[in-house]
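For reference, the structure discussed in these notes is given below.
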Amino acid sequence: MGKIVLVTGAARQLGGRFVRRIQRDPGVDRVIAVDAVAPGHQLGDADFVLADIRQSAIARVLAEHSVDTVVHLDVSAKASGAGGRTTVKETNVIGTMQLLGACQKSPSVQRLVVKSSTNVYGSAPRDPAVFTETTTPKSLPSGGFAKDAVEVEGYVRGFARRRPDVAVCVLRFANILGPEPDSPLADYLALPVLPTVLGYDPRLQFVHEDDVVDVLEIAAREPRRGTLNSGTFNIAGDGVLLLSQCSRRLGRPTVPVLLPAVTWVGSALRTIGMTDFSPEQIRLLTHGRVVSTVQMRETLGFRPRFSTAETFAEFVRSRGPGLLPPELVGRVVGRLAGPSRGGGPAVTTHPTHSAR
């Protein structure tokens, strides 16, 4: 019999894409799609179960369908339906606890894949140039989605100790972008004018939606020869972009704001519902974050199809023109920089090199 895969967060755009993709795997017999709200997109031949992972009913779903592979995608910074930050935190943390408790009791579960985030590293002024999977953060996130991700990973590590027979894979994704992104950072980049922190130009990494689906499929399968898809892996496209480069390519002007006043700006944007300008996002837009992807390539055996720059270019094409034509801005910046200056700063994601 083929695998029986359960996917949480199926009502989200990313979850729906993965549900449709995994059905094409000849080794998969059935796909059980789970979410607390009905999806607005097609799920193919998957069996959709309307269930809240915060409730104990998720254990019955695992038992009734004899699920052997669980792909937990319902860890997000934004609510998929009605509800605010409280609902998001409960789904991320309490939902994960309930799901892991159900997996622990289920003798049929053999593999667990969990969607996490590079937000677990935080963003601080004394951070290393490049984070590896074993780097200890200088300052642990104190709130928001970043703290949720830290707690989720802690519960997953506890589960792995209690069920050593289950193969566990945690994927720490960089900022996910593409034609149809669903994240607070994408909402920020869609603003007509981008508020930035005066005196800072953070380095950012992105991963394309298509690459996210590809690597999830690799993690949910049996490992390919010469690879290992158990453990924790950073997932990001090659290279980095500065926030100033992002704004120019979007054609959106920036408004530098003193760091103490950025919180007021964020509160104002939240009040009018334009974007969730959270404290953790402010820290990211101040200090940036870059992670090593060596283990992703050498151990997991995954090579993204899109670099950070190519991922951002896809996002730009889906947004439409900004207030400032990027071609004009590029010519002006190039003229001001002079002929002796090349492109943007060269940064490698190899852990033995530092950013220039």
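The values are calculated or read from the model by the stated rules, or taken from the named source; none is laboratory data. Since we're looking at a predicted model, the values are computed, not measured. Glycine also receives a Cβ, built like all others from the backbone with ideal geometry; neighbour counts cover every protein chain displayed. Just so you know, the surface numbers come from the protein's heavy atoms only, side chains and all, with ligands and any DNA or RNA stripped out. Shrake-Rupley method; radii C 1.70, N 1.55, O 1.52, S 1.80 Å.
Given a 1.4 angstrom probe, what's the average accessible area per residue across region 1-94, in square angstrom?
Numbers: 4040 Å² over 94 residues.
Per-residue accessible area for region 1-94 comes out at 43 Å².
Taking amide H as placed 1.01 Å from N in the peptide plane, residue 232 has its amide H under 5 Å from the amide H of 170, each at least 5 places away in sequence or on another chain.
With the contact rule set at Cα under 8 Å and sequence spacing of 6 or more, what percent relative contact order holds for region 146-276?
Working: 134 pairs, mean separation 46.0, N = 131.
Relative contact order comes out at 35 percent.
Carbon and sulfur together cover what percent of the accessible area of region 12-90 at a 1.4 Å probe radius? Don't skip to the answer; put the middle values down first.
Working: 1730 of 3620 Å².
Here it works out to 48 percent.
With a simple spin-label model that places each label point 7 Å from the Cα along the Cα-to-Cβ direction, the separation between residue 303 and residue 124 comes to 3.6 nm.
Packing order of peptides 70-76, 87-93, 190-196, highest average first: 70-76, 87-93, 190-196 (average count of other Cβ atoms within 10 Å over each peptide's residues).
Taking only C-alpha pairs under 8 Å that are 6+ residues apart, what is the relative contact order of region 93-209 in percent?
Details: 112 pairs, mean separation 37.2, N = 117.
Rounded, it is 32 percent for region 93-209.
With a cap of 12 neighbouring Cβ atoms within 10 Å, and only residues DSSP puts in a loop, list the trypsin sites (Lys or Arg not before Pro) found in region 118-176. Qualifying residues, ordered by number: 126. Kindly count the pairs of lysines across region 84-192 whose alpha carbons are less than 16 Å apart, treating pairs on different chains or eight or more residues apart as eligible. Close lysine pairs under the 16 Å cut-off: 4. Inter-label distance, residue 24 to residue 63: 3.7 nm, where each label sits 7 Å from its Cα along the C-beta direction. Distance between the modelled labels on residue 78 and residue 140, one decimal in nanometres: 2.9 nm (7 Å Cα→Cβ projection).
At 0.36 nm per residue, minus the direct Cα-Cα distance, what do residue 94 and residue 242 gain on full extension? Give it in nm, one decimal, please.
On the way: separation 148, 0.36 × 148 = 53.28 nm, distance 3.55 nm.
This chain segment gains 49.7 nm when fully extended.
At full extension, residue 255 and residue 182 could sit 23.9 nm farther apart than now, given 0.36 nm per residue minus the alpha carbon distance. With a 1.4 Å probe and every protein chain kept in, tell me what percent of the accessible surface of region 163-307 is carbon plus sulfur. Using a 1.4 Å probe with all protein chains present, region 163-307 comes out at 56 percent carbon and sulfur.
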